[in-house]
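In what follows, a single structure is set out as structure tokens and then discussed.
The values are calculated or read from the model by the stated rules, or taken from the named source; none is laboratory data. Please read all numbers here as calculations on a predicted model, not as lab measurements. So basically every Cβ, Gly included, is an ideal-geometry build from the backbone, and we count neighbours across all protein chains shown.
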Amino acid sequence: MKNNKTSLAFVAASWIGLILGIGGYLIGLWRAEMQLNEKGYYLLIILYGLFSAVSIQKSVRDKLENIPVTDVYYGLCWASLIISISLLVIGLINADLLPSEKGFYAFGFILSLFGAICVQKNTRDLEDEKKKLNS
């Protein structure tokens, strides 16, 4: 029988990725020499991106487990992720930042989204494991 238990190493790596991604992005944003409205723009983009990434992971998982998910919600999740990434790209292309700063924000953003998806997956897997043990 195959062991599908979530490993502690993967859980830790997911949390570390999420914390480093969000932390690095936010520290860079805090220290950036840009106007407050620009900082707000980038802050809202990462919050929007994190929410949409977690929503997609949940929706995909629900569909795999035959939990009803409406096509409208599923489509909105994907549209939200694409929009958040597009807004970041458009903002960075038009920003008066060094290329290294632009890359820093892009990689912090992507690492944060990946970390959020993995943490959501691990959380759900661990809950499923608890349910199996209790039944």
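For the range 31-74, how many residues meet the condition of being under 29 Å from LEU126 (Cβ atoms) and not acidic (Asp, Glu)?
25
Can you name every residue in the range 93-135 that is part of a helix (DSSP H, G or I), among the aliphatic types (A, V, I, L, M) and under 19 Å from ILE46 (Cα atoms)?
ILE93, ALA106, ILE110, LEU111, LEU113, ALA116, ILE117, VAL119, listed by residue number.
Please tell me if SER86 is among the polar types (S, T, N, Q), in contact (Cβ under 8 Å) with a residue 12 or more places away in the chain and surrounded by 11 or more Cβ atoms within 10 Å (Cβ to Cβ).
When the stated conditions are applied, SER86 does not pass them.
Can you tell me which residues in the range 51-66 are under 15 Å from ALA79 (Cα atoms) and free of Cβ contacts under 8 Å to residues at least 60 places away in the same chain?
PHE51, SER52, SER55, SER59, VAL60
Inspect the range 69-83 for any residue being under 22 Å from LEU20 (Cβ atoms) and either surrounded by 15 or more Cβ atoms within 10 Å (Cβ to Cβ) or free of Cβ contacts under 8 Å to residues at least 24 places away in the same chain (or both) and give the result as yes or no.
Yes, because at least one residue in the range 69-83 is under 22 Å from LEU20 (Cβ atoms) and either surrounded by 15 or more Cβ atoms within 10 Å (Cβ to Cβ) or free of Cβ contacts under 8 Å to residues at least 24 places away in the same chain (or both).
State yes or no: is ILE56 of a type in the set (A, V, I, L, M, F, W, C), within 25 Å of VAL11 (Cα to Cα) and outside any helix (DSSP H, G or I)?
no
From the list ALA32, ALA53, which one is more than 17 Å from the chain's Cα centre (by Cα) and either modelled with pLDDT under 95 or not polar (S, T, N, Q) (or both)?
ALA32
For the range 5-33, which residues satisfy the criterion of being outside any helix (DSSP H, G or I) and without any contact (Cβ under 8 Å) to a residue 24 or more places away in the chain?
Passing the criteria: SER7, GLU33.
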